[in-house]
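Report on one structure; see the data block that follows.
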Amino acid sequence: MCHRSGRSRNLLARADASWLPAPVIFETAWRHSLHQRAFLSRSAVGSGRVVVHERRSRLVGLDVRDGGVRWDVPLGLWPYALTVTAGWCLAIPQWLPWLSCHEAVAGERLWRAELPRFTGHLAVAGSVAVVGGWRGYTPQAGYDLADGSLLWRTDGPVAIERPHAFDDRVLVADQDTGLIRALDPRTGTDLATWRLPEPVLKVDSGPVFLRLDAERVLVRAASGSLWELRPGSGALRRLPGVPDQVRSVTVTGGLIWCNTGDRQVVVLEPGEAVPWARVKQYGWAAGVAAVASGFVIASELGGLTLVNPAGEEVGHATVDKRIGGLHGVDRDRVLVRGKSELLAVDLRP
């Protein structure tokens with residue numbers, strides 16, 4: 001497993017910290033080797049576990065507190081989709097046409113449902129897993145999480161962007177159009193529809209939908225613009241202040257973090273035209289997580305940057321050569337999917 005416990009201090013916030021309100025120490029609490037590169041791995045967090053795909057064909061559940069391996073099961077090659085929610089871990093492996101459901105804490109396989117080949121996309125709403133429609137290769141279908149039974153399936157292949165579970169419904173955006181639908185996950189029928197005046201983000205360019213809060217979801221358009229949708233009321237509006245050349249978008253702490261083409265992250269408050277903050281990045285941003293002292297931004301080049309609640313950069317550390325993903329797990333710890341390992345990093349004032 002190559003799991004190593006014990007703490008090792010990486011470095012202080014900066015060698016010249018005279019301008020900082022207080023030095024920040026980034027401590028590596030534990031490491032776990034993945035035996036494959038970061039961009040080939042997927043990971044998900046929930047139920048006190050971080051579930052990661054490693055060694056090309058294994059799905060492993062680690063305890064987020066100490067990094068200890070709690071379960072290890074065969075899956076298949078790099079997953080099309082992986083999620084942990086409400087005590088379940090679901091995955092769709094590449095080249096193996098099935099949806100695999102495991103108990104998240106102990107790893108026991110609960111059921112496996114056969115899927116058409118090249119089935120991608122996965123969203124879990126309530127007690128239903130909705131899959132299919134990736135690149136127009138397969139139908140879309142709903143499976144009961146209790147036993148994996150098929151609840152519904154479209155008559156033929158559909159072409160949709162990555163679906164998004166929003167409370168008791170699943171939001172779906174059709175490819176190459178601005179049509180958005182809210183599906184009943186148990187029947188597959190439309191509960192509501194909306195239409196943007198422009199196409200949504202193109203396939204495999206990132207998620208189209210990002211939750212803002214309990215009432216609002218962010219919708220990304222192909223032009224780079226951002227739209228705020230309230231599924232409850234149907235209200236739809238274009239947000240001001242979005243910078244040009246947005247490469248990726250993350251929503252954390254009620255703020256919109258836009259990774260731009262000039263190697264900086266522009267942070268927006270929804271509805272405000274003036275940015276809340278601008279944070280310089282050395283490489284593209286690989287994720288953002290909220291912590292007790294503010295927000296952590298991960299750079300693909302291996303660095304972590306701490307931004308305080310006022311939007312000021314107050315710390316920076318290099319923790320790996322590359323970063324492929326970031327998860328926030330509690331008030332002072334983040335999980336980093338590095339070049340070939342998973343790291344738990346604590347932030348100490």
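The values are calculated or read from the model by the stated rules, or taken from the named source; none is laboratory data. In this text the structure is predicted, and so the values were computed from the model without any measurement. Neighbour counts run over all protein chains shown; Cβ positions are idealised from the backbone, glycine included. What goes into the accessible areas is simple: the full protein's heavy atoms, side chains included, and nothing from ligands, DNA or RNA. Shrake-Rupley method; radii C 1.70, N 1.55, O 1.52, S 1.80 Å.
Output the strands (runs of 3 or more DSSP E) that fall wholly within region 292-349 and possess 2 or more residues being over 16 Å from the mean Cα position of the chain (by Cα) and under 19 Å from W30 (Cα atoms), or say none.
Fully inside region 292-349 and qualifying: 303-307, 313-318, 341-348.
Mind telling me which of the residues G76, G68 ends up being touching a Leu at 6+ places or on another chain (Cβ under 9 Å), open to solvent by less than 60 Å² (accessible area, probe 1.4 Å) and modelled with pLDDT under 90? Quick ask: steps written out before the conclusion?
On the way: G68 fails: modelled with pLDDT under 90.
After ruling out the rest, the residue left standing is G76.
Checking the condition surrounded by 14 or more Cβ atoms within 10 Å (Cβ to Cβ) and free of Cβ contacts under 8 Å to residues at least 24 places away in the same chain, which residue from R247, R162, R238 passes? Quick ask: steps written out before the conclusion?
On the way: R247 fails: free of Cβ contacts under 8 Å to residues at least 24 places away in the same chain; R162 fails: free of Cβ contacts under 8 Å to residues at least 24 places away in the same chain.
It is R238.
I need the full set of residues from region 186-226 which are under 24 Å from the mean Cα position of the chain (by Cα) and over 23 Å from Q140 (Cβ atoms), in order please.
L212, D213, A214, E215, R216, S223, G224, S225, L226
Kindly indicate which of R186, R117, R135 is more than 19 Å from V217 (Cα to Cα), at pLDDT 95 or above and open to solvent by 70 Å² or more (accessible area, probe 1.4 Å). Talk me through it step by step, then tell me what you get.
Details: R117 fails: at pLDDT 95 or above; R135 fails: at pLDDT 95 or above.
It is R186.
Among the numbered criteria (1) modelled with pLDDT of 95 or more; (2) open to solvent by 30 Å² or more (accessible area, probe 1.4 Å), which one does V219 miss?
V219 satisfies every listed condition except (2).
Please go through region 126-144 and give me each residue that is of a type in the set (A, V, I, L, M) and under 21 Å from the mean Cα position of the chain (by Cα), ordered by number.
Of everything in region 126-144, those that are of a type in the set (A, V, I, L, M) and under 21 Å from the mean Cα position of the chain (by Cα) turn out to be V128, A129, V130, V131.
If you take the residues in region 294-328 that are surrounded by 17 or more Cβ atoms within 10 Å (Cβ to Cβ) and of a type in the set (V, I, T), which one is farthest from E54 (Cα to Cα)? Please lay out each step first, then the result.
Keep residues of region 294-328 that are surrounded by 17 or more Cβ atoms within 10 Å (Cβ to Cβ), which gives 294-300, 302-308, 313-317, 319-320, 322-328.
Next, from what is left, pick out any that are of a type in the set (V, I, T): 296-297, 305, 307, 314, 319, 323.
Values: V296: 25, I297: 24, T305: 27, V307: 31, V314: 34, V319: 20, I323: 15 Å.
Step by step, filter region 294-328, then rank; the result is V314.
Would you point out the residue of region 138-150, among those that are of a type in the set (A, V, I, L, M, F, W, C) and surrounded by fewer than 16 Cβ atoms within 10 Å (Cβ to Cβ), that is modelled with the highest pLDDT? I'd like the intermediate steps shown before the answer.
At the first step, the residues of region 138-150 found to be of a type in the set (A, V, I, L, M, F, W, C) are 141, 145-146, 150.
If we keep only those that are surrounded by fewer than 16 Cβ atoms within 10 Å (Cβ to Cβ) as well, we get 146, 150.
Details: A146: 95, L150: 98.
So the residue we want is L150.
Evaluate the following for G87: is it touching a residue at least 40 places away in the same chain (Cβ under 8 Å) and within 15 Å of V60 (Cβ to Cβ)?
Judged against the criteria, G87 is not a match.
Does any residue of region 191-199 turn out to be within 27 Å of L75 (Cα to Cα), open to solvent by 30 Å² or more (accessible area, probe 1.4 Å) and assigned to a loop (DSSP other than H, G, I, E, B)? Quick ask: steps written out before the conclusion?
Initial filter on region 191-199 (within 27 Å of L75 (Cα to Cα)): none.
Within region 191-199, none of the residues are within 27 Å of L75 (Cα to Cα), open to solvent by 30 Å² or more (accessible area, probe 1.4 Å) and assigned to a loop (DSSP other than H, G, I, E, B).
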